[in-house]
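S.K.: Pasting a structure here, questions to come.
Where a number appears in this text, it was derived from the coordinates with a stated rule and is not lab data. Since the model is a prediction, treat every value here as computed from it, not as a measurement. Reconstructed Cβ throughout: ideal geometry from the backbone, glycine too, with neighbour counts over all protein chains shown.
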Amino acid sequence: MVINMTNITELSAITLSQKIKSGELKVRKCVEAFILQIEQTQARTAAVVKLFAESALQKAEELQRRVDKHEPLSLLAGVPFAVCSNIAAKGAELNAGSQLLGGFKADYDSTIVERMEQAGAILLAQLNMEEFGFFNISAKPLMRNPWAGGRTAGSTGCGSAVVTGAVPLAIGADFGGSMLASALCGASAFMAGNGTASLHGVLSTVPFGDRVTIAAKDARDISVAFQIIQGPDGKDSRCCRRNAFNNKYEASGFKIGVPAELTRSIPQEVRPMVLSVPEGLRQMGASVEVFSFSMLRHCAEALTAISCTELYTNTSALNGRMHTSLNTGGKSPDEIRAERLTPADKIRILVGMGLLENRDEAGADVYSRALNFVDILKGELGKLFAKYNLIILPASPNTAPENEQWYDPLVVASEQLAMLAPAVLSGSASAVVPCGYTPDGLPVGCQMIAPSTEGEAVLSAAAIFQSISKYHTFLAGE
């Protein structure tokens with residue numbers, strides 16, 4: 001096979017690395033192909049805010065010398081990857097898409113970047129994101145869905161970067177935004193279970209729900225990347241667990257639960273595509289059962305309450321960064337926030353403030369009541385996971401909305417995150433796979449949820465479904 005630039009950007013991450021290690025593909029040529037692809041797709045998607053071309057090519061030359069010496073290398077050696085702008089990469093801006101931190105640069109690498117580069121992967125780009133990973137139309141430049149330019153690509157560039165072939169792997173760290181962005185753009189993605197991947201070096205404004213998310217076309221690529229990233233690093237005390245992987249992709253023995261509410265709560269054009277996933281896994285040997293999950297309708301409300309409140313309380317933690325690293329012109333933190341925060345996040349902060357002040361007869365504020373709901377949700381999911389290996393839900397109740405509809409912060413949170421909210425709130429491991437396209441060409445995503453340390457269950461199920469479908473292979477613009 002003659003490998004040209006187009007062929008390279010269509011290959012899976014694992015295949016790319018195999019070709020590099022076999023000598024069939026030079027590392028520099030691989031990196032150059034993705035640099036060219038970013039340059040060709042950027043005007044259409046605005047997925048990337050910083051291209052590390054010079055350093056990436058230098059690392060490519062260094063890795064090539066190791067390849068030529070036939071040194072043992074990882075399954076991702078030579079593979080370019082990108083991270084969102086709230087993940088520290090030494091020397092690059094660490095601003096989480098916010099003007100509040102414009103100009104603030106990281107002086108160290110996050111654990112995510114450090115472990116990927118130790119495995120021989122090459123950091124190629126920094127991805128665009130909405131302010132703090134929330135849902136606005138605040139990103140500069142405005143991100144666009146590669147399947148329909150007038151529709152949103154979500155709150156990060158993870159999904160659009162992957163499905164346009166700009167990078168084989170994209171990594172975010174947020175409370176579901178990168179998962180939703182992947183689903184809306186037709187990418188596959190995995191959100192690590194709570195406590196299984198370090199957030200050291202992640203600028204987090206919703207510590208309760210922020211978790212590492214990996215996007216790619218192929219679930220097996222994601223699995224390999226997560227096995228590299230996961231586990232304690234001694235720097236994030238919350239990260240204390242690992243997932244066990246045996247890398248067997250068999251559906252036999254899987255017990256899958258499908259909420260009865262799924263068939264009533266999502267539009268007809270989306271429903272059969274989502275239900276095709278458990279049906280496909282059933283045909284491959286899994287057992288499927290329908291159950292009632294009445295708590296589903298309240299999850300988005302709890303997530304909205306928690307995220308708005310934590311944004312309110314945690315933006316004050318950015319004061320030190322603003323005043324030690326940036327030119328504030330003598331303005332106070334309150335003046336800086338009023339000047340630089342987006343209107344949507346100002347609304348969220350006001351809502352969060354109100355939720356802390358609004359108390360019931362027992363004196364509990366709304367935030368505390370939301371946390372109590374989470375405890376009940378975890379208990380209910382624990383009972384379900386004792387019965388099922390994984391639970392199937394849509395990734396989103398509908399396809400990508402138009403950019404103008406994306407602006408209302410509370411409506412978007414309650415509607416678009418409604419199906420991802422159970423996994424985010426409970427700390428469960430979750431995977432998203434594309435399961436079809438609507439007549440107007442918009443992708444539909446299906447979500448699989450498992451206990452926090454059972455990431456292999458959802459990644460295996462995703463890979464099995466991909467073995468009998470081709471939706472994950474589609475590239476936007478073909």
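S.K.: Separation between the Ile376 and Arg264 pseudo-spin-labels, each 7 Å from Cα along Cα→Cβ, expressed in nm?
M.R.: Result: 1.8 nm between the two label points.
S.K.: Could you order the peptides 256-268, 225-237 from most to least packed, using the average number of other C-beta atoms within 10 Å per residue?
M.R.: Going by the mean number of other Cβ atoms within 10 Å, highest first, we get 225-237, 256-268.
S.K.: Still on this structure, I have one more. May I ask for log10 I(q)/I(0) of the chain at q = 0.05, 0.06, 0.11 Å⁻¹, from a Debye sum over the Cα atoms as equal point scatterers with solvent left out?
M.R.: Listed by q, the Debye log ratios stand at -0.16, -0.24, -0.83.
S.K.: What share of Cα pairs, in percent, lie more than 15 angstrom apart in the range 335-397? Each step should come with its number before you reach the end.
M.R.: Numbers: 1370 of 1953 pairs.
In whole percent, the share of Cα-Cα pairs in the range 335-397 beyond 15 Å is 70.
S.K.: So how do 178-185, 62-69 stack up, highest first, on mean other-Cβ count within 10 Å?
M.R.: Working: 178-185: 33.0, 62-69: 14.1.
Ranking the peptides 178-185, 62-69 by packing returns 178-185, 62-69.
S.K.: If Lys and Arg each add +1 and Asp and Glu each add -1, what is the summed charge of the other residues whose beta carbon sits under 12 Å from the beta carbon of Phe175?
M.R.: Surrounding charge for Phe175 is -2.
S.K.: Along the Cα→Cβ direction, 7 angstrom out, place labels at Ala244 and Leu475. What is the inter-label distance in nm?
M.R.: According to this spin-label approximation, the distance is 3.9 nm.
S.K.: If you plug each phi of the range 416-433 into the Karplus form 6.51 cos²θ - 1.76 cosθ + 1.60 with θ = phi - 60°, what whole-Hz ³J(HN,Hα) values come out, in order, with x for Gly and Pro?
M.R.: 6, 8, 4, 7, 7, 4, x, 5, 5, 5, 8, x, 6, 6, 8, 10, 10, 9
S.K.: Ratio to report: Rg/Rh of the range 131-194, with Cα atoms as the point set and Rh obtained by the Kirkwood method; give two decimals.
M.R.: 0.94
S.K.: How do 459-471, 442-454 rank on mean C-beta neighbours within 10 Å, highest first?
M.R.: My ranking of the peptides, most packed first, is 442-454, 459-471.
S.K.: Per the Kirkwood treatment, what hydrodynamic radius in Å, one decimal, follows for the range 167-241 from the mean inverse distance over all distinct Cα pairs?
M.R.: Roughly 12.4 Å, rounded to one decimal.
S.K.: Suppose the Debye formula is applied to equal point scatterers at every Cα of the range 103-161; what is log10 I(q)/I(0) at q = 0.12, 0.17, 0.23, 0.24 Å⁻¹?
M.R.: -0.39, -0.70, -0.97, -1.00
S.K.: Next up: Straight distance only, please: which lysines reach the Cα of Lys69 with their own Cα at less than 18 Å, same-chain residues fewer than 8 apart left out?
M.R.: Output for Lys69: Lys19, Lys21, Lys26, Lys59.
S.K.: Turning to a different aspect of this structure: Do any of Lys29/Lys50; Lys235/Lys378; Lys217/Lys248 go past 22 Å between their Cα atoms, and which? Before the final figure, lay out each step's value.
M.R.: Values: Lys29/Lys50 20 Å; Lys235/Lys378 27 Å; Lys217/Lys248 19 Å.
Correct reply: Lys235/Lys378.
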